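Heads up, the thing below is written out as C-alpha cells.
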Amino acid sequence: MGNSFQGLDRFAAGAQYIGGRLRPGTSGRRHTVVDPATGRDVLDYVLASTADVDAAVAAARDALPGWAGATPGERSDAMHRFAARLAERAEDLAHAESLQCGKPIKLTREFDVPGTIDNTAFFAGAARHLQGQSAGEYSGDHTSYVRREPVGVVGSIAPWNYPLQMAAWKILPAIAAGNTIVLKPAELTPLTSLMFAQAATDAGIPDGVVNIVTGAGRDAGEHLVGHPDVAMTSFTGSTAVGRRVAEIATSTVKRLHLELGGKAPFVVFDDADLEAAVHGAVAGALINTGQDCTAATRAYVQRPLYDAFVEQVADLMATVRTGDPFDEDTDLGPLISHAQRDRVAGFVDRARGYATVVTGGTAPLGDGAHYRPTLITGAAQDSEIVQAEIFGPVLVVLPFDSDEEGLALANDTPYGLAASAWTRDVYRAGRATREIKAGCVWINDHIPIISEMPHGGYKASGFGKDMSTYSFEEYTQVKHVMYDNTAVARKDWHRTIFGDR
C-alpha cells in the first residue's frame, strides 16, 4: 500500500524540539534514520550537542513555575486537548512509527497509536487526583497533612522499540504531576517523539513543558542524566546501560526510575488449554518482532504437553507472514536494523552447537533486516539462549516435571519484568502469581497492558512504575506539613531544652 510520510519535509527545521519549536542540532555530527524494511534513508539530521541539552533543560526550568503552579484542572484540560490532537493525527503517527521502526502498519494502528492516545486521556484525568493522606491530629496538638509536589525538571531517555509509547510513558505522568521534561529518544527513531511534542504544543501545553533532544547516548544522554538542573531521571533500555545511567544519576543524588531488560517466562501446566497456550506463545514471542522486554522468550511446558506444544508452535510460526510493513497482510516486520538482525542471528547460530533449531533461524532474501520466527529446543537452563535477552523473534522451549520445578525455572534468570502462567486450575494460577518474581504476571494470556495498571520490574529489570497512578510515586515529592493547634508559646517538649525554666 505504500507510505506517504516524508521525514525530510516534516523536520527540515531540525530534529530537536526545544521551547516549543523545532531547531537543528549543533553537534556537527549527522545521523540518518533508515527504514529497516528497505534500507532507504528517511531523515538525515544533526545530532544534539551538550549545548542543545543545556538549552532544553533551561527551557524546561523556565516553564516549570507556570506549569507547576497551574491548577490540576488546568493541566487536565490541556492534556485532554492533547489526547484529541493525537487522535486527529492517528494515521500520520502510525505511518511514521511503521516507517522508522519497520513495524507492521496493523500493529501501529491497532496497538502503538491507540494505546498512546488512551494513555494520554488517562493521565488527563489522573492529573486531577494527585492526593495526599487526609488531614489528622496525630500528635494531639498538631494537624498534619501530606502534599504531593512536582520534583522539578525531569530528564528521561527512551528506547527504539516503542518510540511513541515510550515517549508517552515518560512524558505523561511527569507533566500530569506538574513537572516539565526533556526527553531523549533513540537516535534511530526520533520521528514520533517529535510529533508527540508538537501535538502537546498545539494542544496549548506551554512552550518548554515538553522538550526533545535527539542525540547520542554517550553525549546528549549522559549530559542530560548528570545535569545539575535535572531533578529526576527515568530510563528505559538495557540493564547494562541502566547500570551506567544509575551510576551517573546517583553521583548527583537525583531520583531515578529504571525499566530495564526482561526474559519473560511462559509457564504451561499440564491442564492448560493447549490451543490457547500455543497461540499465546507465538503471539507473545513475536510481538514487535520480539523486540519487547515483556515478550515471551522462555516457554516451560509440563512434560505431558511438551511434544504437542513444540509441534504446534512450529506449525503456527510457519504461517506468520514477513514482508512490507505497509502491506496490511504482513504479520512480522524487520528488526530495527541489520546490526540488530545480525546480533539475533549470532545468538541462534551459537545455539546450534548445543540445542536444536526446530524452525526459522535464517534471514529471508532482500534488503530489509528481516529474520524468520525461530523456535529452539534442547537448550540447558544455564545456556546463553535461555539466560540472555535476545530481543528478536526467538522462542526457546524447555520441559519440566513438577509444578515446583516449573516455577523455580521461571525465576531462574536475573530478570523479573513479566511472566505468564497457563492453567485451568485456580489454585495453580494463584500459586504462580504469588511465586513468580516479576512486575506483571498474566494468567492464560501474555502481553496485554492497560493505562490503569502499573508496568515495572523486579531484580535486574529495574524499579519504579510506568503508567497508572502508581507512576506518580516516581514523579512527585511527598511533603509533610504540620500546624500547631495550641497557640501556646511554651510547649511541653521544650522541657528537654529549658529544663524547669
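The values are calculated or read from the model by the stated rules, or taken from the named source; none is laboratory data. As the structure is a prediction and not an experimental result, all values here were calculated from the model. So basically every Cβ, Gly included, is an ideal-geometry build from the backbone, and we count neighbours across all protein chains shown.
Which ones in region 404-441 are under 16 Å from Asp292 (Cα atoms) and in a loop (DSSP other than H, G, I, E, B)? Listed by number, the residues that qualify are Leu417, Ala438, Gly439.
Each row is one residue, and each column tells you yes or no for (1) in a loop (DSSP other than H, G, I, E, B); (2) at pLDDT 95 or above; (3) buried (at least 19 other Cβ atoms within 10 Å of the Cβ).
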{"residue": "Lys103", "(1), (2), (3)": "yes, yes, yes"}
{"residue": "Thr108", "(1), (2), (3)": "no, yes, yes"}
{"residue": "Val113", "(1), (2), (3)": "no, yes, yes"}
{"residue": "Ile117", "(1), (2), (3)": "no, yes, yes"}
{"residue": "Ala124", "(1), (2), (3)": "no, yes, yes"}
{"residue": "Gly132", "(1), (2), (3)": "yes, no, no"}
{"residue": "Tyr145", "(1), (2), (3)": "no, no, no"}
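Among the residues of region 1-29 satisfying the criterion of being outside any loop (DSSP other than H, G, I, E, B), touching a Leu at 6+ places or on another chain (Cβ under 7 Å) and closer than 30 Å to Gly366 by Cα, which is modelled with the highest pLDDT? Per the stated criteria, the residue is Leu8. From the list Asp342, Asp292, the lone residue that is part of a helix (DSSP H, G or I) and closer than 22 Å to Gly262 by Cα is Asp342. Does region 464-479 hold any residues that are of a type outside the set (Val, Ile, Thr) and touching a strand residue (DSSP E or B) at 6+ places or on another chain (Cβ under 6 Å), and which are they? Once the filter is applied, which keeps residues that are of a type outside the set (Val, Ile, Thr) and touching a strand residue (DSSP E or B) at 6+ places or on another chain (Cβ under 6 Å), region 464-479 yields Gly464, Asp466, Met467, Glu474, Gln477, Lys479. Contact map, region 57-79: residues that are closer than 17 Å to Arg148 by Cα paired with residues that are among the hydroxyl-bearing types (Ser, Thr, Tyr) and crowded, with 17+ Cβ neighbours inside 10 Å, Cβ distance under 9 Å, separation 6+ or inter-chain. Pairs shown: Leu64/Thr180; Trp67/Thr180; Ala68/Thr180. Right, Ser402: surrounded by 20 or more Cβ atoms within 10 Å (Cβ to Cβ) and touching a strand residue (DSSP E or B) at 6+ places or on another chain (Cβ under 9 Å) or not? No: the conditions fail for Ser402. The set of residues in region 203-233 being among the charged types (D, E, K, R) and not in a helix (DSSP H, G or I) consists of Asp207, Asp229.
Of the candidates Ser193, Ser134, Ser139, the single residue that is in contact with a strand residue (DSSP E or B) (Cβ under 6 Å, 6 or more places away or on another chain) and among the small types (Gly, Ala, Ser) is Ser193.
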